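A.B. asks: Would you mind keeping the following structure in view while I ask a few things?
The values are calculated or read from the model by the stated rules, or taken from the named source; none is laboratory data. Since this is a predicted model, take the numbers as computed values, not measurements. Here the Cβ is made from the backbone with ideal geometry for all residues, glycine too, and neighbour counts use every protein chain on show. The area values use the complete protein model at the heavy-atom level, side chains included, leaving out ligands, DNA and RNA. Shrake-Rupley method; radii C 1.70, N 1.55, O 1.52, S 1.80 Å.
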Amino acid sequence: MRIDIISIFPEMFDGPFSHSIIKRAKEKKLIEIFFHNLRDYSKNKHKSVDDYAFSGGAGMVIMIEPIADCIEKLKSERKYDEIIYMSPDGDLLKQKSANHISTFKNIIILCGHYKGIDERIREFFITKEISIGDYVLSGGELAAMVFVDTITRLIPGVLNDETSALSDSFQNNLISPPVYTRPREFKGMKVPDILLSGNEKEIEKWKLEKSLERTKHRRPELFSEDD
Ligand code: ADE
């Protein structure tokens with residue numbers, strides 16, 4: 001998958017995208033990530049990309065031209081499956097939509113700032129808006145990092161069999177069962193016997209029971225979500 005990220009702070013991605021799963025996915029060439037600094041598309045000498053909102057009100061708005069120029073340039077080079085704007089009023093990011101987007105070939109992610117972007121960008125260029133939760137971040141960058149991490153781990157070949165995303169929480173609208181490692185006993189707290197029994201069938205049954213129990217207690221609303 002090719003991911004083009006449009007941002008005024010591309011350096012924010014340096015740390016999170018240079019470690020762990022995203023680093024491995026880039027090394028294996030399963031994802032390619034390109035950054036486009038919106039300021040490079042500014043037409044004024046101060047390289048600013050924002051302006052006052054018509055009708056007043058607090059906060060600046062990102063102007064239409066730099067974003068339009070950047071998106072149009074990218075679109076002239078290849079076809080995109082989706083042009084995504086990270087926004088608190090977008091569709092809430094869920095494992096189901098992440099699974100779907102992880103199958104795409106090329107996507108653009110636009111990160112906003114200040115009071116948002118000129119509405120005409122949303123109308124004419126954006127094909128999907130994604131929120132990572134009902135709270136407002138200072139910009140779309142942190143949300144884009146969460147989103148890219150979520151889809152990257154779902155791309156076949158990124159995780160090995162042992163860490164397969166198929167066993168992640170939410171894959172079947174269920175929360176994952178508890179996990180344990182050595183020692184078998186810590187200050188009187190023991191690992192459940194069943195996990196040491198070697199009986200694969202019973203272990204799978206136990207895991208499913210625990211998943212159901214946890215989901216019922218912690219996130220009962222997941223049972224009524226579409227799968
Ligand atoms: N930008 C600001 N807040 C956001 C959120 N909650 N999700 C996605 N993008 C955002």
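A.B. asks: Please enumerate the residues belonging to region 62-105 that are among the hydrophobic types (A, V, I, L, M, F, W, C) and either away from the ligand (no atom under 16 Å from the Cβ) or assigned by TED's automatic domain parsing to the domain that holds residue 176 (or both).
C.D. replies: Scanning region 62-105 gives 63, 64, 68, 70, 71, 74, 104.
A.B. asks: Looking only at region 109-145, count how many residues are in a helix (DSSP H, G or I) and away from the ligand (no atom under 12 Å from the Cβ).
C.D. replies: Result for region 109-145: 6.
A.B. asks: Still on this structure, please answer the following. Being open to solvent by less than 70 Å² (accessible area, probe 1.4 Å), in a loop (DSSP other than H, G, I, E, B) and not acidic (Asp, Glu) narrows it down to one residue among 158, 148; which is it?
C.D. replies: So the residue among 158, 148 that is open to solvent by less than 70 Å² (accessible area, probe 1.4 Å), in a loop (DSSP other than H, G, I, E, B) and not acidic (Asp, Glu) is 158.
A.B. asks: Give the residue that is modelled with the lowest pLDDT, with candidates limited to residues of region 91-144 that are in contact with a Gly (Cβ under 8 Å, 6 or more places away or on another chain) and open to solvent by 60 Å² or more (accessible area, probe 1.4 Å).
C.D. replies: It comes out as 114.
A.B. asks: Another one. How do the pairs read when you match residues in region 41-65 that are more than 20 Å from residue 124 (Cα to Cα) with residues anywhere that are among the basic types (Lys, Arg), using Cβ under 7 Å and keeping only pairs 6 or more apart or on different chains?
C.D. replies: Correct list of pairs: 47/39; 59/115; 60/115.
A.B. asks: For region 40-90, which positions are surrounded by 18 or more Cβ atoms within 10 Å (Cβ to Cβ) and of a type in the set (Asp, Glu)?
C.D. replies: 50
A.B. asks: Select the strands (runs of 3 or more DSSP E) contained entirely in region 1-90, then report the ones holding at least 3 residues which are in contact with a Pro (Cβ under 8 Å, 6 or more places away or on another chain).
C.D. replies: Fully inside region 1-90 and qualifying: 32-37.
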